[in-house]
Every structure is written in C-alpha cells, then in structure tokens.
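Scroll down for the structure; my scribbles are underneath it.
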Amino acid sequence: MSHNGLPSPSAAASAAATADTTSAQAEPVVDAQDVTRHYVLGKDTIVEALRGVSLTVPPGAFVSIVGPSGSGKSTLLNLLGALDRPTSGALRFSGRDVADLSDAELASLRNTDIGFVFQQFHLLGRTPARDNVALPLVYRGESRRERRRRADEALDLVGLAHRRDHRPAELSGGEQQRVAIARALVSQPRLLLADEPTGNLDSQTGSDIMGLLQDLNAQAGVALVVITHDPEVAALAPVELPIRDGVLDQERATAGSLVPPPAVTAPPPPAEPDDSVASQRPPSQAEAAEEPPTR
Ligand SMILES: Nc1ncnc2c1ncn2[C@@H]1O[C@H](COP(=O)(O)OP(=O)(O)O)[C@@H](O)[C@H]1O
Ligand SMILES: [Mg+2]
C-alpha cells in the first residue's frame with residue numbers, strides 16, 4: 001500500500017497534543033537513568049538482566065534496540081512499557097517517576113500513553129478486526145459508538161478500513177500486524193513499543209510493516225521504539241542502540257537522546273550541543289494543523 005497516502009493521521013497525530021499539560025509535552029516520553037533489573041532465582045542465584053541502562057526517548061523519536069537473544073531486550077521493553085519496575089535507578093514517563101505511581105496508576109498509564117506491538121500479534125482470534133482495535137477503549141469506558149468511530153479511524157490509518165469485519169484467521173500475517181498496530185494507536189499513545197514486529201512475517205511484508213511504522217512515526221509524531229535481533233530492521237531507525245549482556249551502548253544511547261524526531265514537513269531545528277534540542281523542536285505541520293484534543 002502507499003504509505004504516503006495515509007488518509008488521516010489524526011488518531012496518532014494528536015498523541016503529543018493530548019498529553020495532560022504543556023509541561024508534560026516537553027518531557028521525554030520515557031526516561032531511564034541507570035536502571036537495573038535483577039531476577040531472583042532461589043536463594044543464591046540472581047540474574048542481572050539489566051545492569052545500568054540510561055535512555056531518553058524524546059517525543060516523536062525513533063529508536064531501535066538491537067541485540068542477541070538473552071541480552072535483556074524484553075526486560076528493557078517491559079520497563080519502557082510500564083509493565084515492570086526497575087530493581088534500581090529512575091524510570092520516568094512524561095516526567096512521572098514510576099516509584100511514585102501505584103500499580104493501578106501504572107496500568108492507566110499503559111492504557112493511555114503506550115501502545116504495544118508484538119511479534120505474535122496477540123489478537124483475539126474470534127473477534128472482528130474492528131473490535132480487536134477498539135478493545136483498549138473498553139477499559140476506558142468509552143461508549144460503543146465512540147469506540148467504533150475511533151477503531152475505524154485507526155484501521156483507516158493502517159490501510160485496513162475495508163477489513164474491519166474480518167476475523168484474524170481471515171487476514172494475512174501482514175494484515176494481522178496492521179490490526180495490531182491500529183489497536184496500539186487507538187488510544188493515541190505518546191509511545192509505540194514494538195517487540196520484533198516483523199519476526200513472524202516474510203521479508204517483503206516485514207518491510208511493508210516497518211514502512212508503516214516509520215510513516216506513523218514521521219507523520220503522526222508518535223515516538224517509536226523497535227526492539228529486534230535483526231540488524232536490517234534496526235538500521236531503519238535514525239538511532240540504533242546495541243544491547244549486550246544487559247548493557248546498552250551508552251555512548252550512542254546518550255546521542256540518541258539528542259536526536260530530534262525526523263521532520264517531514266518542517267525544517268529540522270538548528271543543531272545544538274545540549275539535550276534541549278528535542279524539546280524545543282518546532283511543531284511539524286501535521287501537529288500544528290491538528291485540532292485540539294476533543295477528549
Ligand atoms: N522472569 C525471569 N526470571 C529469571 N530470569 C529471567 C527472566 N526473564 C529473563 N530472564 C533472564 O534475563 C536475561 C535477559 O532476558 P531477556 O530480557 O528476555 O532477553 P532478550 O529479550 O534479549 O532475549 C536472560 O539471561 C534471561 O534468561
Ligand atoms: Mg526477548
């Protein structure tokens with residue numbers, strides 16, 4: 001499909017604009033400082049899955065994290081997705097420290113601010129695409145009518161409006177992943193986390209899906225973190241962070257925090273030596289043209 005012909009990026013375009021306050025918008029979407037995660041196995045065995053990771057993801061950034069099996073990718077994704085808490089170190093979402101948030105508040109943050117895309121799609125098998133996409137809105141108490149409207153909008157965004165009544169078994173792998181992406185976007189998150197999003201797809205379909213994710217990032221402004229073991233997938237991101245034995249390539253991780261999101265319609269901001277660059281970036285045309293949030 002033509003990624004450039006994305007009909008209306010509204011479902012995700014207002015992601016940045018729907019942050020609670022102006023100050024929240026300037027905050028990194030997620031910021032990890034010297035974060036560790038240890039798993040305790042029995043009395044004497046501790047697995048140090050993450051051993052001091054620092055990573056700042058500005059609004060609208062695109063970062064890939066690449067490493068071999070067992071390097072700590074899923075552990076890191078769980079933290080970046082507010083599915084887990086660090087053993088030590090500071091982890092903040094839009095400026096809010098997870099240490100100050102209850103489990104219920106973390107769940108709410110996941111529902112409103114973060115979208116997840118997985119290798120296995122994780123769609124409900126007997127449920128039509130549209131209802132799969134609308135599911136996150138059920139937990140938010142949206143009316144059925146509003147859920148359907150937003151689900152249709154998100155399906156439109158991924159080019160699958162015409163498949164909304166199909167069940168997953170009636171869709172190709174690439175179409176199922178598009179449905180999963182639409183579901184991830186329906187809440188208008190600030191952050192999209194993708195764990196091996198092309199892992200179950202043939203290479204052509206995989207590259208279509210990566211093209212779609214890139215378009216959503218560039219045009220709609222949602223920050224994108226892709227976790228992968230595939231160097232070709234990782235290389236698509238402007239910032240590529242190798243992870244090994246629970247440690248990020250910290251030099252590049254720091255550089256990553258300085259890279260502003262790719263500007264599609266607006267000229268890039270002038271290069272500056274400090275990390276205020278990303279937050280000072282002018283709004284892209286898409287953002288500027290976006291109406292204020294209606295919810
Ligand atoms: N729940 C767990 N309990 C104990 N050890 C774990 C758990 N999850 C992951 N690990 C260990 O932590 C390390 C990193 O795992 P993981 O984050 O899943 O790596 P990756 O996703 O890169 O394959 C591995 O050594 C793994 O065995
Ligand atoms: Mg993993």
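The values are calculated or read from the model by the stated rules, or taken from the named source; none is laboratory data. Remember, it's a predicted structure, so these values are computed and weren't measured experimentally. Ideal geometry is used to build each Cβ from the backbone, glycine not excepted, and the neighbour counts take in all protein chains shown.
Exactly one of (1) surrounded by fewer than 24 Cβ atoms within 10 Å (Cβ to Cβ); (2) under 22 Å from residue 59 (Cβ atoms) is unmet by residue 166. Its number? Just one mismatch for residue 166, condition (2). For the range 23-71, a residue qualifies if it is within 30 Å of residue 215 (Cβ to Cβ) and within 12 Å of ligand 1 (Cβ to nearest atom), and the qualifying residues are 53, 65, 66, 67, 68, 69, 71. Restricting the range 209-235 to residues that are in contact (Cβ under 8 Å) with a residue 40 or more places away in the chain and surrounded by fewer than 19 Cβ atoms within 10 Å (Cβ to Cβ) leaves a set whose member that is nearest to residue 177 (Cα to Cα) is 211. Among residues of the range 148-174 that are at positive phi, those with a Cβ under 9 angstrom from a residue that is crowded, with 19+ Cβ neighbours inside 10 Å, sequence gap 6+ or separate chain, pair up as 159/6; 159/178; 159/212. Among the residues of the range 219-252, those identified as under 15 Å from the mean Cα position of the chain (by Cα), part of a strand (DSSP E or B) and within 16 Å of ligand 2 (Cβ to nearest atom) are 225, 226, 227, 228.
Please count how many residues of the range 168-212 are among the hydroxyl-bearing types (Ser, Thr, Tyr), under 22 Å from residue 65 (Cα atoms) and more than 16 Å from ligand 2 (Cβ to nearest atom). Don't jump to the end; show me each part of the working.
To start, the set of residues in the range 168-212 that are among the hydroxyl-bearing types (Ser, Thr, Tyr) comprises 172, 187, 198, 203, 205, 207.
With under 22 Å from residue 65 (Cα atoms) added as a condition, the list becomes 198, 203, 205, 207.
Then drop every residue that is not more than 16 Å from ligand 2 (Cβ to nearest atom), which leaves 203, 205, 207.
The total comes to 3.
Would you pick out the residues in the range 121-147 that are free of Cβ contacts under 8 Å to residues at least 24 places away in the same chain and either among the β-branched types (Val, Ile, Thr) or part of a loop (DSSP other than H, G, I, E, B) (or both)? So that I can check it myself, show each step before the final result.
Quick first cut of the range 121-147, residues free of Cβ contacts under 8 Å to residues at least 24 places away in the same chain only: 131, 138, 141-147.
Correct list: 138, 141, 142, 143.
All of (1) within 16 Å of ligand 1 (Cβ to nearest atom); (2) closer than 16 Å to residue 112 by Cα; (3) modelled with pLDDT under 95 hold for residue 74 with one exception: (2).
From 145, 140, which residue is modelled with pLDDT of 95 or more and farther than 21 Å from residue 126 by Cβ?
Numbers: 140 fails: modelled with pLDDT of 95 or more.
The conditions single out 145.
The numbered conditions (1) of a type in the set (A, V, I, L, M); (2) away from ligand 1 (no atom under 16 Å from the Cβ); (3) within 26 Å of residue 142 (Cα to Cα); (4) surrounded by fewer than 17 Cβ atoms within 10 Å (Cβ to Cβ) are all true for residue 109 except (4). For the range 119-143, which positions are aromatic (Phe, Trp, Tyr) and buried (at least 18 other Cβ atoms within 10 Å of the Cβ)? Answer for the range 119-143, where residues must be aromatic (Phe, Trp, Tyr) and buried (at least 18 other Cβ atoms within 10 Å of the Cβ): just 121. Restricting attention to the range 86-101, does a residue exist that is buried (at least 16 other Cβ atoms within 10 Å of the Cβ), within 14 Å of residue 248 (Cα to Cα), of a type outside the set (Gly, Ala, Ser) and in contact with a helix residue (DSSP H, G or I) (Cβ under 6 Å, 6 or more places away or on another chain)? Among the residues of the range 86-101, not one is buried (at least 16 other Cβ atoms within 10 Å of the Cβ), within 14 Å of residue 248 (Cα to Cα), of a type outside the set (Gly, Ala, Ser) and in contact with a helix residue (DSSP H, G or I) (Cβ under 6 Å, 6 or more places away or on another chain), which makes the answer no.
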